[in-house]
Structure formats: C-alpha cells, structure tokens
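Here the structure comes first, spelled out in structure tokens, and everything after it is commentary.
Throughout, read-outs are computed from the coordinates displayed, never taken from laboratory work. It should be emphasised that the depicted structure is a prediction, and the values quoted were computed from it without experimental measurement. Here Cβ is always computed from backbone atoms with ideal geometry, including for glycine, and neighbour counts include all displayed protein chains.
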Amino acid sequence: LATGIAHAKWPMSNDPAFDPAVQNPAYAESTGPRVLLDGAHHNFFIQWDFIEPFASLARADGYQPVIGEEAFTQEYLAGFDIVVIITALPFDFTTKTEVTTESTFTEDEISALHDWVDAGGSLLVFSEHAPFDQAINPLLQRFGLTSSVGTVVDSEHFDTSLGRPGWIVFSRENGLLNIEHPVIQGRKESEAINSVVTFGGSSLSGEGYSNLFRLSATAKNEKHPTGVGPVGMGTSQALAGDFGDGKVVAFGDSNGFTAMVFTREDGSTVSAGMNTDGYDWKQLVLNVLHWLSPD
C-alpha cells in the first residue's frame, strides 16, 4: 500500500528523504541471497509498506527480497536463504490487544522453519511491544529464545533529546554494545557500529546466544497500552547465534529496520529507524544481512 494511505491511518509514515544507496554493494544487482519477507501472518509492517526502506536497502546491496504470502513449509522455505519475520500477529494490529489461544503460526509452520534453520537456513526474527511479544513467543521458544511481554524502558540509558525512556541507547561509550561480535564489528573498520537506539519493544533472553544489545541493571519491563503484562524480563534487545547448521538473529524492537517519521500529538515529528541522525542503524542492518548470508 502507498505510504500516503498508511500515513492517513497511523501516526507514522516512511521517510521520503531516506537514502537506501549502498556505496560498495556486497553482491551484484539481483544476484545475492534470496530473502523472504513474511507477509502471511498479519505482519503490520508488511501490510502498511513500512518494510519498504529495508527492502530497498537490501536490493541496493544486491539481495533479492520477496514478500511472501504462503504458510511455511519445507518446500516453500527451500527457495530462500534468509527468512525475515517482523510484526507478526494472528489478527490485524489494533483490532485486539491480547493474544490468548489464537495461533500466529501453526505447529507445522514452526516445525518447518525450525528444521529449515537447523539444516542451514538463516532467520531474522523480531519481537516487539505487546501484543507482538505474545504472538511471536511460541516460535521464539522453539529456537531457545523468550520475549518478555510488555515494553522495556531504561531511566538511565535513553536518549534524552528524543525524550522517551523506552528509546534506549546501546553504544561503545556506555558499554551496552557487544563490540566483540561480527555484527557489531562489520567486515572492516568502516562498517563498525558505534551506537544505536531502540524505540521501545520487548526484552529477550536466550541461552547460548551472543548478547548484542545488553540491557542494563536500570532497565525494566512495563505494561504497554496495546497489550497485557508486564510478564518476564530478559537481558537483551538483540541476540545472535548459530542454530544447528543455520543462524538466528532476534531483535526485541523492529523499528531500527525501518525509516519512519512519527508525528507527535503537538504536530512535531521525530525520526525512528535507519533515518535517525547520530545512530548507525543503516550500517547495522547491512551487517546483520552480511552475517546471516551463506558463506
């Protein structure tokens, strides 16, 4: 759907000034890994085209992103190298506030995805604030991951210029960024990440995964108005690790993979995503894709 239509319904829209160009693409045009953008599960960012900045950046780096509307099966997943699951729900966002007995993914879908990753596929998956957290937890748990339910804030490590305690800063300076991991290091010095800010979302935990965005002792989980909770509290907002012969990267917040402009109640605007000045989200998104790509 056109961004103008989205903006008429939601207080955010894609930033028309975002530049997805890549100076030195990882692959020649349309020759890189095939990326499935899951659109079969009421995926809010897919339905309203908020995924387009990410898709444009991936294409500029030579990847082949495809929005898919099919349920996960072994046969279907075999056509892709990377699967991206973002803002998945069993119903359209804001039509309900709580996921109860409804299923976002069937057990057969979760098993197919589990086996595909185990055999060498790469999964990029996102939790979010409620109710996305409840909706994704059954899938996350098959990969040894858990999302808290609610939304995470940090009174000591948020960007005061943006003014929201849920917009948490992870940087080399404050020690919350895992500078030892290849996703943060990049493939060369110019790709190294210095700082990012998350835009709300949930916390994650997962034994055996590398903690890319470490939550501090002052972070806490609170109830979000669009869901229930708070339930649980993780140690991270980004985890990465091997799973069988494949790889998994999980984020507790999805907005860093967009390029949005939010309109506040007073009419002022604020950017949230790869277009946020002073942060390295655009490079981090590329680093995540590079790390998930087949060797």
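One table, with the values for the structure above:
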{"quantity": "Most mobile of Lys188, Lys247, Lys223 in a GNM of the chain (Cα contacts under 10 Å)", "calculated": "Lys188"}
{"quantity": "Neighbourhood net charge (14 Å Cβ-Cβ; Lys/Arg +1, Asp/Glu -1) for Pro16", "calculated": "-4"}
{"quantity": "Gap separating the Cα centres of the stretch 81-105 and the stretch 235-295, nearest whole Å", "calculated": "19 Å"}
{"quantity": "³J(HN,Hα), Karplus 6.51/-1.76/1.60, whole Hz, each residue of the stretch 180-195, x for Gly, Pro", "calculated": "8, 8, x, 5, 7, 6, x, 7, 8, 4, 5, 9, 5, 8, 9, 6"}
{"quantity": "Asn194 versus Asn174: modelled label distance in nm, points set 7 Å from Cα along the beta carbon direction", "calculated": "1.6 nm"}
{"quantity": "Net charge of neighbours whose Cβ lies under 15 Å from the Cβ of Ser203, counting Lys and Arg as +1 and Asp and Glu as -1", "calculated": "-3"}
{"quantity": "Charge context of Ser236, other residues only, Cβ under 13 angstrom, K/R +1, D/E -1", "calculated": "-2"}
{"quantity": "Derived scalar couplings ³J(HN,Hα) [the stretch 255-270; Karplus, 6.51 cos²θ - 1.76 cosθ + 1.60; whole Hz; x for Gly, Pro]", "calculated": "5, x, 9, 10, 9, 9, 10, 9, 9, 7, 4, 7, x, 6, 10, 9"}
{"quantity": "Cα-based reach from Lys9 at 14 Å (exclusive), listing aspartates and glutamates while leaving out same-chain residues under 8 positions away", "calculated": "Asp49, Asp92"}
{"quantity": "Under the Karplus curve 6.51 cos²θ - 1.76 cosθ + 1.60, θ = phi - 60°, whole-Hz ³J(HN,Hα) for the stretch 23-39, x wherever Gly or Pro sits", "calculated": "5, 10, x, 5, 9, 5, 3, 6, 10, x, x, 7, 10, 8, 9, 4, x"}
{"quantity": "222 nm mean residue ellipticity, helices alone, for the chain (DSSP H n ≥ 4; -39,500 (n - 2.57); rounded to 500)", "calculated": "-5500 deg cm²/dmol"}
{"quantity": "Size of charge dipole - the stretch 195-279 - debye, nearest 20, with Cβ of Lys, Arg +1 and Asp, Glu -1, no other charges", "calculated": "140 debye"}
{"quantity": "Stretch gain in nm, segment Thr263-Phe91, where the contour uses 0.36 nm per residue and the Cα spacing is subtracted", "calculated": "59.4 nm"}
